[in-house]
Amino acid sequence: MLAVSVLNFATLLVLVAARQPFPYHNDFDEEPLTSDHPEEEPKGSQYGSLWPLPRQVSVSGVALRLPGSTFRVVDAKDSSADELTVDLPYAILKAPQVWGALRGLETFSQLVYEDEYGTKSINASKILDFPRFQHRGILLDTSRHFLPIKVILANLEAMAMNKFNVFHWHIVDDPSFPYLSRTFPQLSQMGAYHPYTHVYTPADVKMIIEFARLRGIRVVPEFDTPGHTQSWGKGQKDLLTPCYSGSSPSGTFGPVNPILNTTYDFMELFFQEISTVFPDAYIHLGGDEVDFSCWKSNPDIQMWMNVHSFGKDYSKLEAYYIQKWLKPDTVVNVWMGNQGEMSNVTAAGFNTILSSPWYLDYISYGQDWQRYYKVEPLDFKGSDAQKKLVIGGEACLWGEFVDGTNLTPRLWPRASAVGERLWSDRNVTDVNDAYSRLSKHRCRMVERGIPAEPLFTSFCRHEYNGH
Amino acid sequence: MLTLVFAVYLSLTLATAVSQQGQYVSGPHRGGAAEHAAAEDSPYGSLWPLPREVRFSPRSLRLSGSSFQVVDADESSAGASCSILQNAYRRYYEYILPQFADERSRRRGHHHQHGSAAPSELSELRVWISSPDSDCNAYPVATSDESYELSVDQPYAVLKAPKVWGALRGLETFSQLVYEDVYGAKNINVTMITDFPRFPHRGVLLDTSRHFLPIKVILANLEAMAMNKFNVFHWHIVDDPSFPYLSRTFPQLSQMGAYHPYTHVYTPADVKMIIEFARLRGIRVIPEFDTPGHTQAWGKGQKDLLTPCYSGPSPSGTFGPVNPILNTTYDFMELFFQEISTVFPDAYIHLGGDEVDFSCWKSNPDITKFMNQHGFGQDYTKLESLYIQKLLDIVTSTQKGYMIWQEVFDNGVKLKADTLIHVWKGTQEQYRDEMARVTSSGYQTLLSTPWYLNRISYGQDWTNLYKADPQDFTGTDAQKKLVIGGEACMWGEYVDATNLMPRMWPRASAVGERLWSDRNVTNVMDAYSRLSKHRCRMVERGIQAQPLFSSSCRREYKWT
């Protein structure tokens, strides 16, 4: 409970009103959670509900009120403050670019709390903040289940509340091709679950990108080839490799056919479009889980392998295909394997993004957010130079078992654990402190309309009230 | 047993029309999760749970949005004053022909000409309650007759049921037979169905203590239960973390024990509304007031109800189970359960009795003394038995029957012969043994162990739920008959309004079919096909039911 609410001399001119000085840090929220597990009885964090935790926080006991009718957020004319300073007569948020201002606004909003009379207050504070990793992503998969625009936008909102800055859009895959291509409209016409109700039109994509930009979030699309392309084959004849059963085609298809010039002609046109539709400097090219058995069965491919002296090494064929795309500044997304893989990739001089410990589609009973929270991305054998090549990580929610009905509560607040790991200082590892802050942060998300699921037995002052 | 006529033709029509379904199972990233390939379409379309006897003809009839109606049959013992049916007619009309619902309400009052249907049109569904007493104004009970016969043919379909309860089940089945053709027109095939439940007790448990569940969520869950032919809402209303039940006799219980005394409570009006909403769907509401353990929240508003724990010679400031050695405890319980027995009309109350921790009782010198006086020695189960025995007497005096968790039976408490023992513990082997023990002692029992839906895991865990069978234990036929059903339990540690519905559905549907359909209905591939379509239907009806696997619904869940 806040002791500041006892006094009531509310005068004040400018933007905020002062109350009573209080000499130490406060717990911002009111209630301890009731818990079945006494060992989990949370102590309030001295950092209130801040999530992810900023680099440097000093909160004074001076509580200032925010008058609802007159409080304003304005552009500064001139300022001498550093980062976020909350004090009289006004608070100042200073950032070199708008992106920092967006993060700081979120932090400012997290400092505001409500007293028992419903008055909004904020304590005089000084905060200095910056992210630990530059790439903090969420992957959504719109191929295994189509995700309505509304769901994607809600997740961009939640990402901003957790200071994520990359939406990795795994837009197409084997099951469906919902991306409506202007150059090859037949891809979604034939490959989407439904050509009108289950597609993303150019206008949809543009709107999603702008919605993300306004929240400081990059949209990196993934067009995974040569595997995971079954749905591409429905609208693009001869793109996929015909599989053979003995001496005749079996009627099924495998990965993209790497031995035809038409394949590369198609890809060139297709990726020309993609590079103009998606403004981000990066495109994710997939390249995972290529199954060689269909290539092996195809006599044309066998002949081509012989001509190119690849022998039986189909990984050479894959490399031949992939080579067409890879450039030196390629970022390798480590999704399989472990610390060993991180070691190998960075030793080869590639920038790396970690995802393997953060497959949030893998659910289990209990508080699995703690497992995600405890992951340390730099915990692998390697030189300092290698560690510097780790540019961040992504929480992935693959789509086999999620759609518009359950995606948001399954992702949040579990992804928030990843968010703090990627933003905050390496030493921010106290799980009990995190539990206290995250419980409040999740209630704040709920109040803002995000159906973020509970961490454990508890309540929010304002429960989720439908939509 | 199932009878199937003409199924081959029909499977195509139903399957392709009712909903689209994903064809891909291969290649989920990082290998692995492809448990079920896009199953072949079931010859039974989207029926869930599967009725006892189904005979399809390939002949399809159209339902006209402007003239199709659900009406009382002339012979029916229920009439226009039977609100349970009138409500259901409206509900199912909207499910079947949602795009016409608004238009029809504007046109209400226009007289409909009988017998004017076009050659391939189904003009109406006539609902015939055949027993002289329709149960229109009754509450459903454990022995309510839920059987029905459905005949869909020209010039009209007939749904015949002895009681309104069977009519409710039959209306759901009728609605499941309707499918949309490629032009969006609603069709139904000529069909004969005979149906009745395998078990009389088919329940879903919600826990409103660990997280408060807004009324909206409880009502939506009752809707989904009706779509899956569940008939018992087991309301685990209070527990250690909070006491959201607003008692008229002891208002301080929720005043002090709820998460919040105004926003996180169920008022008498709320409870009444929930019970009526459930009744209109043929669902009983059985409240659980679990004692003597799981009562921390009770202690906040009721002084001296809980046992003070001791640390050495002095009270530690913490409290244990209900204090069984004080007369005031029983005075309180008598008044409390008198209230409960009037607020909740069902003939049963669940009294809990699980997981009583003896350590606090052991620490308390007054209890030690009481134990000595009664010659209980160190056997605290005797003290528990004494409490439960007195409680059972109190509840019996309110004319209610009771359900209890299995520990009460395990601990040898003397029980009334009609007590229902709720099995929830152990491994498969252990719960089967328990079912055998309980039934060999002559008690009726119901199963929940394999159906703890709060326990989640990656993949299609509904198949495990589906495969469990409450009568799979070693015992005589007489023992098997004592199994009255089961309950799917969603304990509340990790669920609240944000995630309860998708976590519950369609996983609970798997339990629903196990408890309703014939024992031999065990084909998982066939179930996958029907359940995928059934879940899309739930989504279309506004229920947030999650997907089984990679797939699409024609109409995805709309966040409105």
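Side notes on the structure shown:
- Mean per-residue shielding of peptide A:401-414 is 6, counting Cβ atoms of other chains within 10 Å of each Cβ.
- Using a Förster distance of 35 Å, the FRET efficiency for B:Asn87-B:Gln154 (Cβ separation, nearest 0.05): 0.80
- Measuring between alpha carbons in the structure, the pairs from A:Lys163/A:Lys387; B:Lys303/B:Lys369; B:Lys229/B:Lys558; B:Lys272/B:Lys382; A:Lys126/A:Lys150 lying more than 32 angstrom apart are B:Lys272/B:Lys382; A:Lys126/A:Lys150.
- Considering only alpha-carbon pairs that sit under 8 angstrom and 6 or more positions apart, the relative contact order computed for chain A is 17 percent.
- Each part reduced to its alpha carbon centroid, the range B:203-233 and the range A:242-307 end up 50 Å apart.
- Counting Cβ atoms of other protein chains within 10 Å of each Cβ in B:452-461 and taking the mean gives 3.
- In order along the range B:495-509, phi translates into HN-Hα couplings of 10, 9, 4, 6, 9, 5, 4, x, 6, 7, 10, x, 5, 5, 4 Hz, rounded to whole numbers, per the Karplus curve 6.51 cos²θ - 1.76 cosθ + 1.60 with θ = phi - 60° and x for Gly and Pro.
- Each of B:Met525, B:Met490 was scored by other Cβ atoms within 10 Å of its Cβ. Listed from fewest to most, they are B:Met525, B:Met490.
- Peptide B:537-550 has a mean of 4 when you count, residue by residue, the C-beta atoms of other protein chains within 10 Å of its C-beta.
- Trypsin sites (Lys or Arg not before Pro) within the range A:418-447, DSSP loop, no more than 16 other Cβ atoms inside 10 Å: A:Arg426
- Residues A:Ile283, B:Ile188, arranged from fewest to most other Cβ atoms within 10 angstrom of their Cβ, appear as A:Ile283, B:Ile188.
- Computed helical MRE - 222 nm, chain B, DSSP H runs ≥ 4 contributing -39500 (n - 2.57), nearest 500: -10500 deg cm²/dmol
- Longest DSSP-loop-exposure-free segment, GluC sites (Glu not before Pro), chain A, at most 15 other Cβ within 10 Å: A:117-467
- Among residues other than B:Arg530 with Cβ under 13 Å from its Cβ, the summed charge is -1 (Lys and Arg +1, Asp and Glu -1).
- The range A:205-290: trypsin sites (Lys or Arg not before Pro) in DSSP coil with no more than 14 other Cβ atoms inside 10 Å: A:Lys237
- Trypsin sites (Lys or Arg not before Pro) within the range B:167-264: DSSP coil, no more than 11 neighbouring Cβ in 10 Å: B:Arg248
- Spin-label proximity, A:Thr429 to the range A:348-391 - amide N less than 13 Å from point 7 Å beyond Cα toward beta carbon: A:373-380
- Each Cα pair under 8 Å and six or more residues apart adds its sequence gap; the mean of these over the residue count of chain B is a relative contact order of 16 percent.
- 5 angstrom amide H check on A:Val390, placed H, neighbours 5+ away: A:Thr352
- For the pair B:Arg555 and A:Ala95, label points projected 7 Å from Cα toward Cβ lie 4.2 nm apart.
- Distances between placed amide hydrogens fall under 5 Å for A:Thr252 paired with A:Cys243, all partners being 5 or more residues away or on another chain.
- Taking chymotrypsin sites (Phe, Trp or Tyr not before Pro) as exposed when DSSP calls them loop and at most 14 other C-beta atoms lie within 10 angstrom, chain B has its longest site-free stretch at B:263-457.
- Residues of the range B:246-267 with an amide N closer than 20 Å to a point placed 7 Å from the Cα of B:Glu355 along the Cα-to-Cβ direction: B:257-259.
- Taking 4.7 Å between C-beta atoms as the pairing limit, chain B has these partnerless cysteines: B:Cys489.
- Helix-derived mean residue ellipticity, 222 nm - over chain A, DSSP H n ≥ 4, -39500 (n - 2.57), to 500: -9000 deg cm²/dmol
FYI, it's all coordinate maths here, none of it is from the lab. Since the model is a prediction, treat every value here as computed from it, not as a measurement. Quick reminder, even Gly has a Cβ in these numbers, built from the backbone with ideal geometry, and neighbours come from all protein chains shown.
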